[in-house]
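A.B. asks: One structure follows; several queries about it will come next.
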Amino acid sequence: MPIVKLIEIAHGRSGDKGNGSNVGIIARHPEIYPFLKEKLTSDIVKEHMKYVCKGEVERYELPNIGALNFILNESLGGGGTVSLKLDAQGKTHASQVLRMDIEVPQELLDLVSKN
């Protein structure tokens, strides 16, 4: 199986909720969602974001839109109004998650390349 960046099979959005960031990862094709649901766990995201996220990572499944939503608790240095971080609102956190390396079956990569 090829190893690619997550951005090859998904796109994302992120923002802030107090001292936590909210990262949505959306499958680029409906058949990719089950793969993401299986492989993109809270533990995997927590490990990838360990230098940013100091708290628990919660995952919520959104099958109707083929997405996973992650809450990265304690990732914003106190939140937008009190943090000294450059990205105190978590706007770049989805980009960071999408840069994760992931092993993907070729047939799923082929689905995305056809679009």
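The values are calculated or read from the model by the stated rules, or taken from the named source; none is laboratory data. None of the values given here were measured: they were computed from a predicted structure. No Cβ is skipped: glycine too gets one built from the backbone with ideal geometry, and neighbour counts run over all protein chains shown.
A.B. asks: Which of the numbered conditions does Ile9 fail, given that it passes all the others? Conditions: (1) at pLDDT below 95; (2) buried (at least 18 other Cβ atoms within 10 Å of the Cβ).
C.D. replies: (1)
A.B. asks: Any idea how many residues of the range 13-31 are more than 13 Å from Ile71 (Cα to Cα), of a type outside the set (D, E, K, R) and within 14 Å of the chain's Cα centre (by Cα)?
C.D. replies: Residues that pass the stated criteria total 2.
A.B. asks: Has the range 98-112 got any residue that is modelled with pLDDT of 95 or more and β-branched (Val, Ile, Thr)?
C.D. replies: Among the residues of the range 98-112, at least one is modelled with pLDDT of 95 or more and β-branched (Val, Ile, Thr), which makes the answer yes.
A.B. asks: Let me ask something additional. Just need a number here: residues in the range 12-45 that are surrounded by fewer than 19 Cβ atoms within 10 Å (Cβ to Cβ), assigned to a helix (DSSP H, G or I) and either touching a Gly at 6+ places or on another chain (Cβ under 6 Å) or free of Cβ contacts under 8 Å to residues at least 24 places away in the same chain (or both).
C.D. replies: Count: 4.
A.B. asks: May I ask you to list the residues in the range 51-86 that are surrounded by fewer than 13 Cβ atoms within 10 Å (Cβ to Cβ) and either at pLDDT 95 or above or under 13 Å from the mean Cα position of the chain (by Cα) (or both)?
C.D. replies: Those that are surrounded by fewer than 13 Cβ atoms within 10 Å (Cβ to Cβ) and either at pLDDT 95 or above or under 13 Å from the mean Cα position of the chain (by Cα) (or both): Glu56, Tyr60, Glu61, Pro63, Asn64, Ile65.
A.B. asks: So, one more: Write out, first by first residue and then by second, each pair whose Cβ atoms fall under 7 Å of each other, whose residues are 6+ apart or on separate chains, and whose first residue, in the range 95-115, is under 11 Å from Glu8 (Cα atoms) and in contact (Cβ under 8 Å) with a residue 40 or more places away in the chain while the second is in a loop (DSSP other than H, G, I, E, B) and of a type in the set (Lys, Arg).
C.D. replies: Within 7 Å, the pairs are Val112/Arg28.
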